[in-house]
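Undergrad: Input: one structure, supplied below.
The values are calculated or read from the model by the stated rules, or taken from the named source; none is laboratory data. Values in this document were obtained by computation on a predicted structure and should not be read as measured data. Glycine also receives a Cβ, built like all others from the backbone with ideal geometry; neighbour counts cover every protein chain displayed. The protein model used for the area step is the full one, side chains on, heavy atoms only, and it has no ligands, DNA or RNA in it. Shrake-Rupley method; radii C 1.70, N 1.55, O 1.52, S 1.80 Å.
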Amino acid sequence: MHRLSTSQPAEMRRGKALSAACLAAGALLLSACTTVSPSSYDMTTKVPQQITTPELVDTRLGTLKFFDGIPTAATAKKVYEQLDFSRGIEVFLNGIPGASLVAMRRGLREVGAVDGTIGIYDDLLDSKSLLLTGNTESVYAMTWIDLTKGPVVVESPPNVLGVLDDFWFRYVIDLGNAGPDKGQGGKFLILPPGYKGEVPPGYFVARPATFNNWLIWRGFAVNGDPKPAAENIRRSARVYPLSETGQAHAPKFVNLSGRSFNTVHANDFSFYGELNEIIQEEPEDSFGPDMMGLFNSIGLVKGQPFEPDGSMKRLLTDSVAVGNALARSIDFRNRDKRARIYPDGNWNTPFIGGSYEWLTPGGARNFDARTMFFYAATVNTPAMAVAMPGVGSQYAVSNLDVTGRPFDGNNVYRLRIPANVPVKDFWSVAVYDPQTRSLLQTDQRFPSLSSNTQPKANADGSVDVYFSGKRPEGAANWIQTVPGKSWFAIFRLYGPLAPWFDKRWRLPDIEPL
């Protein structure tokens, strides 16, 4: 043992004794030397407490432990797992638009509506198809555009509302009434990413950021009859490679009415596999560096197999479960007051902020608003989001009754639609299954009602619509629901007029009876 000399000056003896004590403490150096004041060092400054980390920090993850700011191995493991879990949730929420179109492509492939063949609902969309919140009034026609072999020509019919969206569900171009052809019909040329070839004249040109794209048209029934719209689309719509220009192109259609097939993305671990299809097939920068970096962080990397180990797979399985719960909360119990059409009511708009890109006035992305739309709906175009009196359509979604409770198929409800609905064309109300976000499947082929079907009106011009498992006595206008199941409703206005936008005309909440 080192012995201190008493003949040395007192200050030196104290310093050597302190050094000996520190050496003897070994690994406990800092704690053993707390008698040393920080002010004893020439370069010491006062350190603000808020920039330091205590030895123990209590959080919702439990107690996190540090040695002079350095996490213990156990703490680092815990917070890394939380990071992977959190990023898995963000990948789910931000990947919904893309995964939705992966499911759409899978469904269209199943029914053969690809490679120039157009799927058309000749007799309108019914509840057999699993399609996110489709309507029962438009004549839908759709196909998948694959640009991997080169440019594709689309001959668009007159008098339709058509949209081309890319594989991340971003708007590319309108066709028809809201497009550059102004509803007269015309030829559109869709060019693949990075295309540097000659662009022939005579086309409306679109340049999507992805090779895979979804094309959909909506035709309009005449007095409730879909036949004229279906014939118009079948007569004029064609899709073929640019290399086949000048050749005769016979009609290539498949009727989807009454067909049972799924176009809805997964809500379990297989969701990541759906998302991986886009990542592997499309340019790495197709969704921007930040989003692609987020996908990469959980193992979704272009050119690499997605093969998480057991621990990571368990984490991501939990991520999907929580992400799905978040998406459903955003859709069915949205906390953003701007979602409400009426501050004291339960009708919501699917386009918070009126932006098809879900941007705030300052240009920031409203991620929750985007999630709310794409978890329950399809088709992205400015024509659906922008307020244009007399043009396009507007939507009101009801997830809760007038008391703020979810709808219950065991109960009877009534929607009293006031007289003089402010529409140039017509209105409709349809009922959907909250599980599939598709038309509710009951004994009714079309779980809906519209002004085109001439519903019975009350003496004051209002219309009562009843919702229940069995038709209530005396209920002329009835939409069937399923006992033991919930449901939600969408009210649509086609050609909405000014009193809808300025709220001079108000749609009451649905009430239990």
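Undergrad: As a test of the definition: which semi-axes, in Å, follow for the stretch 116-200 when you take the square root of five times each eigenvalue of its alpha carbon gyration tensor? Largest first, please. Walk me through the numbers on the way to the answer.
TA: On the way: eigenvalues 127, 52, 26 Å².
They are 25, 16, 11 Å, listed from largest to smallest.
Undergrad: Right, something else. Determine the percent antiparallel among the DSSP beta bridges restricted to the chain, to the nearest 5. Could the numbers behind the result be given before it?
TA: Working: 69 of 79 bridges.
The antiparallel proportion sits near 85 percent.
Undergrad: Let me ask you something else. Based on the alpha carbons, how large is the Rg to Rh ratio for the chain when Rh follows Kirkwood?
TA: My calculation puts Rg/Rh at 1.16.
Undergrad: Expressed as cubic angstrom per residue, what is the convex hull volume of the alpha carbon set of the stretch 370-418?
TA: Details: hull volume 6.6 nm³, N = 49.
Given the Cα convex hull of the stretch 370-418, per-residue volume reads 134 Å³.
Undergrad: To continue, here is another question. Tell me the volume per residue, in Å³, of the convex hull enclosing the alpha carbons of the stretch 155-205. Walk me through the numbers on the way to the answer.
TA: On the way: hull volume 3.7 nm³, N = 51.
Spelled out: Cα convex hull of the stretch 155-205, divided by residues, is 73 Å³.
Undergrad: Still on this model: State to the nearest 20 debye the size of the charge dipole of the chain about its Cα centre, where the only charges are +1 on K and R beta carbons and -1 on D and E beta carbons. Could the numbers behind the result be given before it?
TA: Values: 52 positive and 51 negative charges, 163 e Å.
So the magnitude is around 780 debye.
Undergrad: Classify the stretch 213-269: rounded, prolate or oblate, from the alpha-carbon gyration tensor (a ≥ b ≥ c, eigenvalue square roots; a/c under 1.5 rounded; otherwise prolate if a/b is larger than b/c)?
TA: On the way: a/c = 2.55, a/b = 1.19, b/c = 2.15.
It comes out oblate by the Cα gyration axes.
Undergrad: Please report the accessible area of THR436 (heavy atoms, 1.4 Å probe, ligands and nucleic acids excluded) in Å², nearest 10.
TA: 40
Undergrad: Any chance you could list the semi-axes, whole Å, largest first, of the equivalent ellipsoid that the Cα gyration tensor gives for the stretch 430-503, using √(5λ)?
TA: Each semi-axis is the square root of five times an eigenvalue, giving 23, 18, 10 Å.
Undergrad: Label the stretch 91-163 by shape, choosing from rounded, prolate and oblate, from the square roots a ≥ b ≥ c of the eigenvalues of the Cα gyration tensor; if a/c is under 1.5 it is rounded, and otherwise prolate applies when a/b is larger than b/c, oblate when it is not. Mind dumping the intermediate values first?
TA: On the way: a/c = 1.63, a/b = 1.04, b/c = 1.57.
Since a/c reaches 1.5 but b/c is at least a/b, the shape of the stretch 91-163 is classed as oblate.
Undergrad: Radius of gyration and Dmax for the stretch 179-233's Cα atoms, expressed in Å?
TA: Cα-based Rg and Dmax for the stretch 179-233 come out at 15.1, 47 Å.
Undergrad: Using only the alpha-carbon atoms, what does the stretch 158-252 span along each of its principal axes? Please give whole angstrom values in decreasing order.
TA: If we take the Cα atoms of the stretch 158-252, the spans are 47, 32, 22 Å.
Undergrad: Tell me the Kirkwood radius of the stretch 38-161: reciprocal of the mean inverse pair distance over distinct alpha-carbon atoms, in Å. Show your work: numbers first, answer last.
TA: Numbers: mean 1/r = 0.0479 Å⁻¹.
Radius from the Kirkwood sum: 20.9 Å.
Undergrad: With all distinct Cα pairs included, what does the Kirkwood hydrodynamic radius of the stretch 323-462 come out to in Å, to one decimal, could you say? Can you show the working numbers first?
TA: Working: mean 1/r = 0.0595 Å⁻¹.
After inverting the mean inverse Cα-Cα distance, the result is 16.8 Å.
Undergrad: Could I ask something else about it? Please compute the length gained on full extension between ARG340 and ARG235, using 0.36 nm multiplied by the number of residues separating them and subtracting their Cα-Cα distance.
TA: Working: separation 105, 0.36 × 105 = 37.80 nm, distance 4.17 nm.
Separation in residues times 0.36 nm, less the Cα-Cα distance, equals 33.6 nm.
Undergrad: Kindly express, to the nearest 10 degrees and within the range 0 to 90, the angle between helix 73-111's C-alpha long axis and the longest C-alpha principal axis of the chain.
TA: The two axes meet at around 10 degrees.
Undergrad: Return one number: the angle in degrees, 0 to 90 and rounded to the nearest 10, between the long axis of the Cα atoms of helix 270-281 and the longest principal axis of the Cα atoms of the chain.
TA: 80
Undergrad: Follow-up question, since we're still on this one. Compute the helix-to-body angle for 310-332: its Cα long axis versus the longest principal axis of the chain, expressed 0 to 90° and rounded to tens.
TA: Approximately 50 degrees, to the nearest ten.
Undergrad: Applying a 10 Å radius around every beta-carbon, put 420-431, 210-221 in order of their mean neighbour count, most first. Don't skip to the end; give the middle numbers.
TA: Working: 420-431: 19.9, 210-221: 22.6.
Ranking, from highest mean packing down: 210-221, 420-431.
Undergrad: Moving on. Go through GLY273, PHE261, GLY112 and say which Cα lies farthest out towards the positive end of the charge dipole of the chain; charges sit on Cβ, +1 for Lys and Arg, -1 for Asp and Glu.
TA: Looking along the dipole axis, the top candidate is GLY273.
Undergrad: Still on this structure, please answer the following. For LYS149, go through the aspartates and glutamates and keep the ones whose alpha-carbon is under 16 Å away, minus same-chain ones fewer than eight residues off.
TA: Of all the aspartates and glutamates, those that pass the test against LYS149 - Cα under 16 Å, at least 8 places apart if same chain - are ASP115, GLU198, GLU244, GLU281, GLU282.
Undergrad: Using every alpha carbon pair in the stretch 282-372, what percent of pairs falls into each 10 Å bin from 0 up to the bin containing the largest distance?
TA: Bin by bin from 0 Å, the calculated values are 14, 31, 33, 18, 4, 0.
Undergrad: Between exposed GluC sites (Glu not before Pro) in the chain, where DSSP calls loop and at most 15 other Cβ atoms lie within 10 Å, what's the longest gap? Walk me through the intermediate numbers first.
TA: Working: sites that count: GLU55, GLU198, GLU284, GLU357, GLU473.
The reported range is 56-197.
Undergrad: Another one. With only alpha-carbon pairs counted, each pair once and no self-pairs, how large is the Kirkwood hydrodynamic radius of the stretch 230-324 in angstroms?
TA: Values: mean 1/r = 0.0582 Å⁻¹.
One over the average 1/r among Cα pairs gives 17.2 Å for the stretch 230-324.
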